[in-house]
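Notes follow once the structure below has been shown.
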Amino acid sequence: MKQIAVIGGGPAGALCGEKLASAGFRVTLFDEHLAWEKPCGGGLTHKAIEKYPFLLSGPQTKKEIFTAELISSQGHRTRFEMSRPLVIYSRAVLNGLLLDRAAAAGCETIHARVTALDTNGTGVTLTAAGREHAADFAVLATGARNQLLPGTTPLRAEDLEVTLGYFVPAEEQVVKIKFLDRMNGYIWSFPRADHLSVGICAKMAQYATQTLRKLLDDFAREEKIATAGARFYSHVLPSPRLATLRHRKITGRNWALAGDAAACVDPITGEGLFYALRSGDLLAESLIQDRPESYPARLRAEFVADLEIATSLVRRVFRGSFLGGAVTTRMVQFAQRSATFRDLLRDLFSGAQDYRSLRKRLWTQFGATITEVARDILRVPHSGEASEKVTS
């Protein structure tokens, strides 16, 4: 393989194109949007920065956030400092950065939508802007609703979530997450360099858009976020089920899916940027070694096995009960009163805590957590009493 067509210029496609071009492949990247905004937080966790330090060290506009606030559906609040910051980009800036790096590596970019793709021959042929192009292999990083290949099973509504968001011209230094009553999803407010990304995400198959927008507008009013004149966007993202992660075909003889197209998203947190970058990187490694068939196993070893565990926890987290209340409410209350539990949340936020060892850690620390909660309720002074606590 010498000629690679990358379809989609988001994080997965751009990083894959950069790596392949740097290795000497002739890479052509096709995208109808290129650098564009998207209703998501835009946050990069510490595990993303560790893998790709240029995301922090470069001159591009970004914001480092050290403080997070969680809000329960009942209005309980807790605020805590993170040991490792979230690095938050505007998606237009982040996509532009990654596309610039791909171009600098030698990747040719064509600003056009691919309308047809044929993988039945020895190589592949595709149509963009009325012209045919040929390649040896196609990387499809075309988002959650990729429909270009009949050989791939499209993500069903049960594997998707709808996101609605405002880009609000305002300054803030705190990431806010509000959980919703027995609802698979949450509301966020992420401070970017010159605006807030305020949005909501929830399972597409379960909630009407009008319902989600009302919840979002209610949150904005409660938090005194002025949305008048703000830009409004909506988008669809993956939120995969277990069967989808395990059985969906993501690679063929001369093609492979990456990023959202491969459903590389955490179904609990909605984090997708790290997984998009890693999937594009791992696919490039597989092609450079002339072993494209190894790509699914690489993904599984790196993070898919962990995400499969997350799919089994989604319903318990968002709809489950614990000690007579919603799990998300108890989580916020425990974080208010327990330094041990806040440490766990810090690691979850940074990406240092995976799902494979989460249950063991929860049970190992359960005694300390309950003791700290009980002491705080009884107002018994104890060493290391948290100054971060915010109650309501």
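Here's the yes/no breakdown for (1) surrounded by 15 or more Cβ atoms within 10 Å (Cβ to Cβ); (2) within 19 Å of His247 (Cβ to Cβ):
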residue	(1), (2)
Arg278	yes, no
Asp281	yes, no
Leu299	yes, yes
Val314	yes, yes
Phe322	no, no
Ala326	yes, no
Phe341	yes, no
Arg346	yes, no
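For region 96-108, the tally of residues that are closer than 15 Å to Ala12 by Cβ and in contact with a helix residue (DSSP H, G or I) (Cβ under 7 Å, 6 or more places away or on another chain) stands at 5.
Hey, could you check region 79-121 for residues that are closer than 26 Å to Leu148 by Cα and among the β-branched types (Val, Ile, Thr) and say which is surrounded by the fewest Cβ atoms within 10 Å (Cβ to Cβ)? Within region 79-121, the match that is surrounded by the fewest Cβ atoms within 10 Å (Cβ to Cβ) is Thr115. A residue that is among the acidic types (Asp, Glu) and either out of contact with any Lys or Arg (no Cβ under 7 Å at 6 or more places or on another chain) or closer than 28 Å to Gly42 by Cβ (or both) occurs somewhere in region 331-346.
Out of all the residues in region 125-144, is one or more among the aromatic types (Phe, Trp, Tyr) and closer than 23 Å to Leu282 by Cβ? Scanning region 125-144, I find at least one residue that is among the aromatic types (Phe, Trp, Tyr) and closer than 23 Å to Leu282 by Cβ, so the answer is yes.
Within region 264-290, being in contact with a Pro (Cβ under 6 Å, 6 or more places away or on another chain) and of a type in the set (Gly, Ala, Ser) holds for Ala276, Ser286. Determine whether Leu215 is in contact with a Ser or Thr (Cβ under 7 Å, 6 or more places away or on another chain) and either in the same structural domain as Gly9 (by TED's automatic domain parsing) or not in a loop (DSSP other than H, G, I, E, B) (or both). It is false that Leu215 is in contact with a Ser or Thr (Cβ under 7 Å, 6 or more places away or on another chain) and either in the same structural domain as Gly9 (by TED's automatic domain parsing) or not in a loop (DSSP other than H, G, I, E, B) (or both).
Of all residues in region 250-268, those that are surrounded by fewer than 18 Cβ atoms within 10 Å (Cβ to Cβ) and either modelled with pLDDT under 90 or part of a helix (DSSP H, G or I) (or both) total 0.
Pick from Ile177, Ile187, Ile200: which is surrounded by fewer than 20 Cβ atoms within 10 Å (Cβ to Cβ), part of a strand (DSSP E or B) and not basic (Lys, Arg)?
Ile177
Looking at this structure, is Glu108 charged (D, E, K, R), over 17 Å from Lys2 (Cα atoms) and not assigned by TED's automatic domain parsing to the domain that holds Pro191? Considered against the rule, which asks whether it is charged (D, E, K, R), over 17 Å from Lys2 (Cα atoms) and not assigned by TED's automatic domain parsing to the domain that holds Pro191, Glu108 comes out as no.
The values are calculated or read from the model by the stated rules, or taken from the named source; none is laboratory data. Just so it is clear, the model here is predicted, and its values are computed rather than measured. Note that we place each Cβ from the backbone using ideal geometry, even for glycine, and neighbour counts take in every protein chain shown.
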